[in-house]
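Okay, so here's the structure we're looking at.
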Amino acid sequence: MDLAVEQAAREITAEVVAQAPEGWTECVLRGHGSRTSVGLSGGGYVVPSRPGFFSGMPFPHESLASLVSFFRDGHGWEAIVLELTCRPSGAFELLVFRDDLRPGAGPQDGWTLTVDPGFQPSEPGAADGPEPSELRQALDPAEAVERLQAVLRQHAEDVGTKPEMPAPVTEAQLAAAERHLGRPLPPDLRALYLEADG
């Protein structure tokens, strides 16, 4: 770890330890920064005697800004996201990414990776949406089952093993589903469910 990064992380950790509530075991800070702003986007103190997070975290603006500057000047990253886990001993773990990877609000929320920042999904039914599939519906139950079997055979040839399929549903389960829906399922779909559930 570069000395400037380590120093900034140590300063943040010292603030976290100094302001920690009684009985805390760790503090997770999730933040972001760019040339124009820095901020915290989630996390907090973990106190086992209290469910969830304990708020009241410090906001180490200057240390976050120095991390942003280091990665901008040293790596050309215009913006960063980070996760810093601090412990009462003063130990810390720091993860820093470019801002195409975004942390969720809590430590259990995972991360979101933006592969194409300019992508905008089309509205359902929009004329400029993706082309419809060239596959046509089987409409014939026997043809639907044969198509499924052909896909399974091709898979077995490509991979070397036959894929495990879920057990089929029973006629009674299909009848119950149709009663729930208030109408019968299409015959080709019924035939496929009788081959494998899902």
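The values are calculated or read from the model by the stated rules, or taken from the named source; none is laboratory data. Since this is a predicted model, take the numbers as computed values, not measurements. Positions of Cβ are generated from backbone atoms using ideal geometry, with glycine treated the same way; all protein chains shown enter the neighbour counts. Heavy atoms of the whole protein, side chains included, go into the accessibility calculation; ligands, DNA and RNA do not. Shrake-Rupley method; radii C 1.70, N 1.55, O 1.52, S 1.80 Å.
In table form, for the structure just shown:
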read-out	value
Cα-centre dipole for the range 150-198 with unit charges at Cβ (Lys and Arg positive, Asp and Glu negative), debye to 20	180 debye
Euclidean distance of C-alpha centroids, the range 1-27 and the range 175-198, integer Å	58 Å
Simple label model, 7 Å out from Cα along Cβ direction - residue 154 to residue 6, nm	5.6 nm
Area of residue 165 that stays accessible when all protein chains are in place (1.4 Å probe, Å², to 10)	80 Å²
Accessible area, probe 1.4 Å, largest first, for residues 41, 34	41, 34
Where 179, 87 fall by accessible area, highest first, once all protein chains stay in place (1.4 Å)	179, 87
Virtual spin-label span in nm between residue 49 and residue 172, 7 Å along Cα→Cβ	5.5 nm
